[in-house]
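Notes to accompany the following structure.
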Amino acid sequence: MYRFLLTPRWWGINVFVLLAIPFCVFMGSWQLSRFEERMQSHDQATAQAASNKREAAAPLAELLPVDQETSGRQATVSGRYGKQLLVPGRELDGKRGFYVLTLLRTDAGKALPVVRGWLPGDPDPAKAPAAPRGEVTVTGALQASEQPGENGVSAQGGLPAGQTSAISAASLVNLVSYDLYDAWITLDKADAGMKAVPASAPADSGLNLKAFQNLGYTGEWFVFAGFVVFMWFRLLRREVEFARDAELGLVPEESEQRAAV
């Protein structure tokens, strides 16, 4: 009854199944390992954020360039505040508002974007407190330049004068006349009348969409493996039923010859 398993057609089916199942299991396991790595990275970032708050602030120059180890670290830098900009469309505590961003010009000849705080509502220069005058020393969490279109950062263009959608050297270079650091800081204590903006986790270190995509792909690959097994048994059952019907003479002779091929 099972002689059909030795036909060329079934040899091809069996070889495909024997290759497809390990491949699906391997791909599912790989996607699961990627999700677990992101989970571990998320836990490390959370622990690092708590540690950063306890550590003493370090000079800005010692923490550059910004990477996953230095992102969120407390940085201190001195200089004089210059041009002030507003960053619209930023949420804090479930409310929509805007950041007050001021460029701190340092003795090194470069300017560091400093988020001095957050205010609710639509961006309005009249609402934003003026920056302190004279030489100041600020301390805040170091952050990498934002990428428009990622992590909720708007890629909107054509903003009114005095506004920017992303906090990055690339976005600000056309708005100021001096060199910029490829980084920014958010003050631990916001200036008068504003709320402090918490530091964000380093890129690819949180439970973001990519992490849950890995988890979803894991399920898909294991479902594919199960589907291959299901289809193999279904085809086998159909062939067995066909062979039994043939033995009982319940199928035409042409069908018997075709089944034997």
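The values are calculated or read from the model by the stated rules, or taken from the named source; none is laboratory data. This one's a predicted model, so the numbers in the text were calculated from it and none came from an experiment. Cβ placement follows ideal geometry from the backbone for every residue including glycine, while neighbour counts extend to all protein chains displayed. Heavy atoms of the whole protein, side chains included, go into the accessibility calculation; ligands, DNA and RNA do not. Shrake-Rupley method; radii C 1.70, N 1.55, O 1.52, S 1.80 Å.
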Stretched fully, the stretch from residue 36 through residue 4 gains (0.36 nm per residue minus C-alpha distance, one decimal, in nm) 7.1 nm
Order these peptides, 138-145, 98-105, 214-221, by their mean beta-carbon neighbour count within 10 angstrom, highest first. 98-105, 138-145, 214-221
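Could you provide, to the nearest whole Å², the per residue accessible area of segment 80-163 with probe 1.4 Å? Numbers along the way, then the final one.
On the way: 4290 Å² over 84 residues.
Normalised by residue count, the accessible surface of segment 80-163 is 51 Å².
Can you order the peptides 114-120, 73-79, 126-132 by their average number of other Cβ atoms within 10 Å per residue, highest first?
Details: 114-120: 22.4, 73-79: 19.7, 126-132: 14.7.
Packing order, densest peptide first, comes out as 114-120, 73-79, 126-132.
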Under 20 Å between alpha carbons, and skipping anything fewer than 8 positions from residue 110 in its own chain: which lysines qualify? 83
